[in-house]
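Before any comments, here is the structure.
The values are calculated or read from the model by the stated rules, or taken from the named source; none is laboratory data. Keep in mind that what you see is a predicted model, and the values were worked out from it rather than measured. FYI the Cβ positions are ideal-geometry reconstructions off the backbone, even for glycines, and counts take in every protein chain you see.
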Amino acid sequence: MSARRRRAPRVRGARTTIAAQALVLHSSEWSETSRVVQLLLPEAGRCTVLARGVERASSPWRGVFDLLCLVEVELEAEEGRELHALRAARLVEHFPRLRTDLERWYRALYAAELAEAATPPGHPAVELFAALREALARWCEPGVDPDAVLLAFEWRFLDAVGLTPALTACASCGRAVDPARAQTAFFHPAAGGVQCSACRSRAKLDLMPRRGARERTAWRRVPVATLFALDRARREPAPTSADELAPPNRALHRTARLLLDDFLAWQLERPSRVRPFLR
Ligand SMILES: [Zn+2]
């Protein structure tokens, strides 16, 4: 006698409703008419949402989940399940200028990629959400430098996810970099930023590459005056077209770009898909 096996009925977990604004970070096909969407919400953080029927011509939500849109959603979250159900959605902002300017579009995609990669599901992301929403709005203003907006976002992003690189103090012992004692300092993403010579020789950091982009990463020798200037610049808000734009400091910008590219490539689990298109 063999008892026929029955699949145990799935026990449903407690359900909660989440209603908030969200940014569309990523979207992929689930079926002919449905999509799975990665959203970033301020309090609920990154959420994976099944948007059933969203591709039907008759769907009221068609086009709402275009990449990098700001939307208002109502989600149903079930305890123990990562996939949320969509209950309602409304488009708030489409950021149209982004979609007609490749230079801005790829920078915005890169910002979204960073946000997606650095945010574990369900962790609050209030500051990151605000930083990304503001950067998207700034990329829509005429006359702004798209690179300056990206750079300002990256500094704010690193602060928001707790990865700020040390620029004016040793990342290991905290000793302040003293411009009276040294003209240059050494920066490495594995060290968390700059590291004093004592810590560098004592720790003998294992900088052997583990994968991908890390193989090309080396110590960078940076003038101390530049590190202090970068530290001041990263605290400044991103310039807007309404500001009186000071001539951008190209040399400082280039150094920031080098250090951040090293640093972010090191921190990301996978090489960026978008970064190669930003040149
Ligand atoms: Zn040190």
Looking only at residues that are in contact with a Ser or Thr (Cβ under 7 Å, 6 or more places away or on another chain) and in a helix (DSSP H, G or I) in the range 92-138, which one is surrounded by the most Cβ atoms within 10 Å (Cβ to Cβ)?
Leu128
Checking Leu102 against (1) hydrophobic (A, V, I, L, M, F, W, C); (2) farther than 24 Å from Asp262 by Cβ; (3) at pLDDT below 90, only one condition comes out false. Which one?
(3)
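Within the range 147-180, can you find the residues that are within 13 Å of the ligand (Cβ to nearest atom) and assigned to a loop (DSSP other than H, G, I, E, B)?
Listed by number, the residues that qualify are Thr168, Cys170, Ala171, Ser172, Cys173, Gly174, Arg175, Val177, Asp178.
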